[in-house]
Structure formats: structure tokens, C-alpha cells
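The values are calculated or read from the model by the stated rules, or taken from the named source; none is laboratory data. Model, not experiment: these values are computed from the prediction. Here the Cβ is made from the backbone with ideal geometry for all residues, glycine too, and neighbour counts use every protein chain on show.
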Amino acid sequence: MSLQERLLQVLSLLDHLGARLSEEDVSLVKEEAKELSRQLSEEKSRRAAQGTELRDLQAKIKAIEDSVLTPSSEALALDRKSQELEEALEKLRAEAKISEDMKVMDVNRAKITSRW
């Protein structure tokens, strides 16, 4: 085998190895790209799940706040009504006292009048 033939054989082998390396590099790059795409998809799914969970928690917080506010406003209304009723009761008691005092005065006046 001559030097030229050996050089051609080595060049052919190098060309074949270069093509094979390029193919392997491409397949490695494709595998890496596929893996990165899978990881990206998983991360998107995880973040979407977190977003959904966050919205659910915010809805629960709002529901709890609403349930707390409703009894509070009802309690305020009942307290106001209770105060109004207490004031009305005090007014009636005062009127009853005045009425009782007037009866006593009328009885005493009648006694005095009958003695004369």
C-alpha cells in the first residue's frame, strides 16, 4: 500500500468519523433539547398548579373574611337594637314612676280634701 492510498484511507476514515461525530453530536444535542423541553414543561405545570393553589387559598381567605364580617355587622345591628330597647324601657319606667307619683299625690289630695 502506497503512501497515497494510506492517506486516502485515513482521510476517508476521518471523514467517516467526522460525519459520525456530527451525527452523535446532533443526537446528543437533540436529547439534551428534549430533556430541557421536558423540564420546562414540568416547571410550567408546577407553576400552574401553584397559581391554582394560590387562587384557591385567596378564595378561602375571602370566604372566611366574609363569614367573619357578616356576624360582626349582625352583632352591631343587634347591639344597636338592644340599646334602643333599653332606652325605651327606661323611658317607660320613668313614665310609670311619674304615673305612680301622680296617683299617690291624687290619693293624698283626696285624703286631705275628705278631712276638710
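Structural remarks
- One residue alone among E74, E86 is surrounded by 10 or more Cβ atoms within 10 Å (Cβ to Cβ) and modelled with pLDDT under 85, and that residue is E74.
- Test: residue in the stretch 58-66 that is within 54 Å of the chain's Cα centre (by Cα), in a helix (DSSP H, G or I) and either modelled with pLDDT under 80 or acidic (D, E) (or both): yes
- Matching option when the condition is among the acidic types (D, E), surrounded by 10 or more Cβ atoms within 10 Å (Cβ to Cβ), in a helix (DSSP H, G or I) and at pLDDT below 85, among E43, E31, E53: E31
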